[in-house]
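A short write-up of the structure that comes next.
The values are calculated or read from the model by the stated rules, or taken from the named source; none is laboratory data. Computed from a prediction, not measured in an experiment: that's the story for all the values here. A quick note on method: Cβ atoms are made from the backbone with ideal geometry, for glycine too, and the neighbour counts reach across all protein chains shown.
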Protein chains: 2
Amino acid sequence: MKDFTVRNKIKIARIEKGGLTQGEFAKLVGVTRQTMNLIEAQKYNPTIRVCLLISKYLERPLDELFWIED
Amino acid sequence: MKDFTVRNKIKIARIEKGGLTQGEFAKLVGVTRQTMNLIEAQKYNPTIRVCLLISKYLERPLDELFWIED
DNA sequence: GTAAAAAGTAAAATATATATTACAATGGAA
DNA sequence: TTCCATTGTAATATATATTTTACTTTTTAC
């Protein structure tokens, strides 16, 4: 199967959201800072569960935060 | 952390999409039929990558297909 | 410029998504 | 009813998301 790459704009959205640090945001979502770091750096392919929580706390739709690059 | 449950309406959307069998759809998306079966049965928490492909082939936004129940 | 906070990163351990194979249950068409 | 396609499910194996701990680099405030 093709090697679609998943992209996200979490980091930008988090900063735009105002003041949230990576660690604070990770805690909100319920993952470790390291996990959030890797997700933001697009080195992970997070589960929909984590993505939904990210979407919730950033108040942005999933479709705006995540997309495929083929 | 709270135990949010992830829900999805993939099976309904797949059938509404017309004629696609679970196996055919799984192949389209690039996972096995068993994996798609477990995802549809809400026993898995799929990766955003798989969800994006599902969204693409069902022509439905992520936010319409997946949500959290708390 | 210095100190503290935040962010990047890395290695090892654990949890779980996904694959593989196989078989049972269900449903619809003949 | 019988046959065949589809779906449900289970066991084992593998890949990888996530955690934990710890250290380095970058950024920000003073």
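Couple of notes before you dig in:
- Residue in region A:54-70 that is within 19 Å of B:Cys51 (Cα to Cα), within 11 Å of DNA strand C (Cβ to nearest atom) and not polar (S, T, N, Q) present: no
- Just one of the listed residues (A:Leu52, A:Leu20, A:Leu62) is over 18 Å from B:Pro61 (Cα atoms) and either at pLDDT 95 or above or surrounded by fewer than 20 Cβ atoms within 10 Å (Cβ to Cβ) (or both), namely A:Leu20.
- Candidates in region A:17-53 are the residues that are within 19 Å of B:Leu52 (Cα to Cα) and outside any helix (DSSP H, G or I); of these, the one that is farthest from the other protein chains (Cβ to nearest Cβ) is A:Ala41.
- Some residue of region A:36-45 being within 25 Å of B:Val29 (Cα to Cα) and touching a residue at least 60 places away in the same chain (Cβ under 8 Å): no
- Test for A:Lys43: is it surrounded by fewer than 16 Cβ atoms within 10 Å (Cβ to Cβ) and touching a helix residue (DSSP H, G or I) at 6+ places or on another chain (Cβ under 9 Å): yes
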